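None of the figures in this text is laboratory data; all of them are computed from the coordinates on show. Bear in mind the structure is a predicted one, so any value in this text is a computation, not a measurement. Backbone-built Cβ (ideal geometry, glycine too); neighbour counts: all protein chains shown.
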Amino acid sequence: MTTKNCFKLFILTLLSLGLIGTTARALPEYLKIFAADPYSRPELRTKCTVCHLNPAGGGERNDFGKAFAAAGLKITPELRLQFPDRFLAADVVQGQPPPVVFPKGTQSEAVIEFNGKKYLINTRDKTVSLLGAEPSETAPAKAPSVEEAKSEKPNVYEPIDVRLVNLPTAIRIPRRSLWVDFTHRFPFNEVTEPAELFGLDGFAVPSFGFIYGITSRIHAGAYRSSTTVGRPIELFVGASLLEERRGHPFSLEGRVALEGRDNFQRNFTTSFELTLARSITPRAQVYIVPTVSVGDRPLSVAPEQNFKGRTAVALGIGAAVNVRPSVALMAEANMRLNEESRYTSRAPGLGLGIHRPVVGFGIEKASASRRHSFSLTFSNGPGTTPSQRSMTRGLFFSDDSFSGMSIGFNLTRRLF
């Protein structure tokens, strides 16, 4: 890539950041969080003075703004109690249920907040006790404290999308929720060509799938990519093994996927992967994703062509950083570790082989509800399934260096 093209790519990225940043300033995300809380005072929901000393917004924060930031940019029961001038009492809010927290390790207890006090309700014993007060004879022998009653850690990064650029994020898939995962890659055009709309005029590799939460820890899904990469259909099941928000040192998700080329008719590949996610701060998270694919085939093989499978071992690393509550920057790299899975023998159908890791970066914007996200991505790999996302454009006789980055996008939507 020439110096001129590198400059164009840099300008394009800056324009993308500027456009999203402008949109975010037009709709203050922090004030939206406050306004969405059912206990926030209606007359303050459009006032910048909720968090700032300056009535116009920006600049130094007031006491509430500082406490809000310290709470991880979330409205907590403690904030409501500490700042009664900004929140209504529970009995004043008509038609809104009081805050309820379900402690870990029990299916019969809940903690409810009412008029600034917290009560433990035991549905099995049919008792109600005030937390902090001496328990009655019928109360449980040991009532959990307010801290014990919290089932989630507050200062944990919450992903927006099911994937970073291509790597999975270990996002929580709630029980009975349905998600749509839609990706688009334009791997055969130069992102530095304005005449071709920065690569968007080129031939596309679209992929589409669904994910369903069977339980709060187990999910399953199906995903299909286009003819360009072999028409693979992927069926997978995943399990949440550890969760930071539940007090574990990191989040860990395991997934097993079966891919079949030519619409699940031949060239089957079974992939085993782990996604380890660790929050650095409430605004940043790092990822480590090892993947073993048994029966791996290069993505350049024609859909109707049978090809002997190999075993591929790949290691992906990545990171996401929130620059605003609903805007994140992402970067990742995914490298094949064993030589035989890089297809560098120059045999027919293997192109130039895989000589470099698949590198990707992008910027992501979430809706106010965080149920929908859009990511503008740049990558040197066209594949998005577990076995294909570590394969570069080199298999198509294309440049798979940093100079060969191509544009793409991800769309994720939680339907219910």
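Can you give the Rg and Dmax of the range 238-327 based on its C-alpha atoms, in angstrom?
17.0, 49
Could you pull out the pairs from Lys47/Lys365; Lys32/Lys66; Lys74/Lys118 whose alpha carbons sit more than 21 Å apart here? Walk me through the numbers before you get to the answer.
On the way: Lys47/Lys365 24 Å; Lys32/Lys66 17 Å; Lys74/Lys118 19 Å.
Beyond 21 Å: Lys47/Lys365.
Suppose each label sits 7 Å from its Cα in the direction of the beta carbon; what would the Lys74-Phe402 distance come out to in nanometres?
So the label points at Lys74 and Phe402 sit 3.7 nm apart.
Quote the FRET efficiency, to the nearest 0.05, computed for Arg266 versus Glu29 with a Förster distance R0 of 35 Å and r equal to the Cβ-Cβ distance. Walk me through the intermediate numbers first.
Numbers: r = 48 Å, r/R0 = 1.37.
Efficiency computed from Cβ-Cβ geometry: 0.15.
What are the principal axis extents of the Cα atoms in the range 303-360, in Å, biggest first?
Cα extents, longest axis first: 48, 25, 19 Å.
Report the gain in length on full extension from Thr281 to Tyr119: 0.36 nm times residue separation, minus Cα-Cα distance, nm rounded to one decimal. Walk me through the numbers before you get to the answer.
Working: separation 162, 0.36 × 162 = 58.32 nm, distance 3.14 nm.
My answer for the length gained is 55.2 nm.
Work out how much length Lys66 to Arg371 would gain on full extension: take 0.36 nm times their residue separation and subtract the Cα-Cα distance, in nm to one decimal. Could the numbers behind the result be given before it?
Values: separation 305, 0.36 × 305 = 109.80 nm, distance 2.73 nm.
Taking Lys66 through Arg371 to full extension adds about 107.1 nm, to one decimal.
Between Ile112 and Asn306, what FRET efficiency follows from the Cβ-Cβ distance if R0 is 51 Å, with the result rounded to 0.05?
So, using R0 = 51 Å, E works out to roughly 0.25.
Going highest first, how would you order 210-218, 399-407 by mean Cβ packing within 10 Å?
Details: 210-218: 15.6, 399-407: 19.8.
Ranking the peptides 210-218, 399-407 by packing returns 399-407, 210-218.
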